[in-house]
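For reference, the structure discussed in these notes is given below.
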Amino acid sequence: LFVRAIGETTDVVEKEMYSFTHHDEGLTLRPEGTAGAVRAYVEHGVQNHEPVSRWYYMGPMFRGERPARGRYRQFYQAGAEVFGDAGPGVDAELIDTLCRMLESLGISDLTVHVNSIGSEGTRVRYQDAVRAGLMPRKEQLSADSQRRLDTNPLRILDSKDPKDREAVLGLPPITDFLTDADRAHFEGCQAFLRALGTPFVVDPLLVRGLDYYTRTLFEIKGAKDKLGAGDTLLGGGRYDGMVKDLGGADVPAIGFAAGMERLLIASDLSAAAPPVDAFVVGMGQRALIEAAVLVRDLRAQGFVCEADTRGASLKSQMRRASASGARVALVIGDQEIDQGVVQFKDLAAHAQRPVPRADIQKELAAARAGAAS
Ligand code: AMP
């Protein structure tokens with residue numbers, strides 16, 4: 001599936017895919033989400049049930065890349081696909097919505113790069129032009145790109161190697177090779193973006209690493225201060241031929257994928273742990289058992305509860321209670337068990353009083369409300 005959809009001579013397929021045999025069956029860890037979404041679309045004949053489908057996915061992807069900040073071998077992508085709409089308006093809607101989403105995450109200095117690589121015929125004609133343009137300078141290219149000149153010359157355009165970058169500067173832009181229909185589509189997309197007020201730059205070197213794209217391509221970069229060179233937050237584009245190539249009807253489609261780790265780094269979002277309502281301290285074997293039951297019951301009632309289950313000294317447990325940030329320590333010893341109470345210790349106020357077991361829930365709720373006000 002991936003070789004067919006992404007392309008045999010792309011980096012993802014050629015170098016990065018984890019493929020192996022398991023119980024005599026070939027298996028590949030998915031490197032991206034679109035090919036699988038398209039296969040599901042085709043298998044279920046979705047176009048027979050609805051004219052336009054809008055799907056999303058989230059999950060781990062796997063590529064054997066050199067790990068760096070924001071680049072991992074297992075990473076998480078969130079992506080979306082729109083099937084059944086060939087018009088340029090949906091391309092602009094997707095790009096604009098993504099900009100709003102990134103802004104809502106607090107990510108600044110966004111740059112939207114767009115390009116069109118036209119339809120299949122354009123790509124073939126442009127490949128010939130790139131090959132012809134670079135052949136006389138073959139020796140100046142990186143070893144990888146010298147090989148790509150035969151197999152997949154478009155890949156040279158987004159090579160990071162300084163030698164390649166220099167060599168491609170003199171090439172005509174792919175937009176010179178667009179058919180009238182492709183050009184009208186690209187101009188339409190730009191007109192929608194302008195109307196929506198989304199700034200963008202047309203980047204003729206943007207070809208992206210997967211072969212399935214047609215027409216509109218885009219990448220959104222941002223938070224360079226945090227991400228450095230790997231500042232591509234998300235990327236996507238049209239793949240109008242893939243549904244048909246994989247055995248389905250002639251259904252146009254467009255999608256994007258964002259690296260969730262990159263979004264986290266770029267946004268400074270952090271998942272703050274909820275405050276601990278109570279830290280249960282049990283003194284002695286009987287109390288440890290009581291403590292286990294109490295913790296379970298309080299958690300079931302919705303309180304965030306921790307306990308020291310090691311049977312450590314009172315001092316050591318109290319130190320952990322403070323370190324946990326808990327508002328209250330509930331201390332249980334033999335005497336408390338016999339009396340059906342716990343010592344309810346307000347850790348901020350350093351005040352302690354016995355509270356009947358039946359009243360703990362009420363008292364903890366009051367302590368939580370007091371902390372919130
Ligand atoms: P792609 O599927 O290559 O178009 O990548 C789309 C987005 O996925 C990129 O813009 C990154 O945010 C993210 N991404 C791709 N490869 C990796 C990786 N190895 N580690 C982390 N994020 C990645």
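The values are calculated or read from the model by the stated rules, or taken from the named source; none is laboratory data. It should be emphasised that the depicted structure is a prediction, and the values quoted were computed from it without experimental measurement. Because the Cβ atoms are built from the backbone with ideal geometry, glycine has one as well, and the counts that use them run over all protein chains shown. Accessible surface is based on the protein model in full, side chains and every heavy atom, while ligands, DNA and RNA are left aside. Shrake-Rupley method; radii C 1.70, N 1.55, O 1.52, S 1.80 Å.
Take the residues in the range 60-73 that are more than 21 Å from Lys224 (Cα to Cα) and within 8 Å of the ligand (Cβ to nearest atom); name whichever of them is surrounded by the fewest Cβ atoms within 10 Å (Cβ to Cβ).
Arg73
Assess whether Phe279 counts as being more than 11 Å from the ligand (Cβ to nearest atom) and aromatic (Phe, Trp, Tyr).
Considered against the rule, which asks whether it is more than 11 Å from the ligand (Cβ to nearest atom) and aromatic (Phe, Trp, Tyr), Phe279 comes out as yes.
Is the range 112-127 home to any residue that is open to solvent by 50 Å² or more (accessible area, probe 1.4 Å), within 16 Å of the ligand (Cβ to nearest atom), touching a residue at least 24 places away in the same chain (Cβ under 8 Å) and out of contact with any strand residue (DSSP E or B) (no Cβ under 7 Å at 6 or more places or on another chain)?
There is no residue in the range 112-127 that is open to solvent by 50 Å² or more (accessible area, probe 1.4 Å), within 16 Å of the ligand (Cβ to nearest atom), touching a residue at least 24 places away in the same chain (Cβ under 8 Å) and out of contact with any strand residue (DSSP E or B) (no Cβ under 7 Å at 6 or more places or on another chain).
Within the range 268-296, track down each residue that is touching a residue at least 24 places away in the same chain (Cβ under 8 Å), open to solvent by less than 50 Å² (accessible area, probe 1.4 Å) and not in a loop (DSSP other than H, G, I, E, B). Write out each step before concluding.
Applying the first criterion (touching a residue at least 24 places away in the same chain (Cβ under 8 Å)) to the range 268-296 yields 268-269, 274-287, 290-291, 294.
If we keep only those that are open to solvent by less than 50 Å² (accessible area, probe 1.4 Å) as well, we get 276-282, 284, 287, 291, 294.
The answer is Ala278, Phe279, Val280, Val281, Gly282, Ala287, Ala291, Leu294.
Show the residue pairs that are 6+ apart or on different chains and have beta-carbon atoms under 8 Å apart, the first residue being within the range 297-318 and over 13 Å from Phe279 (Cβ atoms), the second being among the aliphatic types (A, V, I, L, M) and open to solvent by 50 Å² or more (accessible area, probe 1.4 Å).
none
Could we say that Arg353 is touching a Phe, Trp or Tyr at 6+ places or on another chain (Cβ under 9 Å) and among the charged types (D, E, K, R) here?
Spelling it out, Arg353 is indeed touching a Phe, Trp or Tyr at 6+ places or on another chain (Cβ under 9 Å) and among the charged types (D, E, K, R).
Of all the residues that make up the range 209-237, how many are part of a strand (DSSP E or B) and either in contact with a helix residue (DSSP H, G or I) (Cβ under 7 Å, 6 or more places away or on another chain) or not basic (Lys, Arg) (or both)?
Pass one, the range 209-237, residues part of a strand (DSSP E or B): 214-221, 232-237.
Checking the rest, the ones that are also either in contact with a helix residue (DSSP H, G or I) (Cβ under 7 Å, 6 or more places away or on another chain) or not basic (Lys, Arg) (or both) come to 214-220, 232-237.
Looking only at that region, the number is 13.
Scan the range 254-267 and tell me whether some residue there is within 16 Å of the ligand (Cβ to nearest atom), in a loop (DSSP other than H, G, I, E, B) and at pLDDT 95 or above.
Among the residues of the range 254-267, not one is within 16 Å of the ligand (Cβ to nearest atom), in a loop (DSSP other than H, G, I, E, B) and at pLDDT 95 or above, which makes the answer no.
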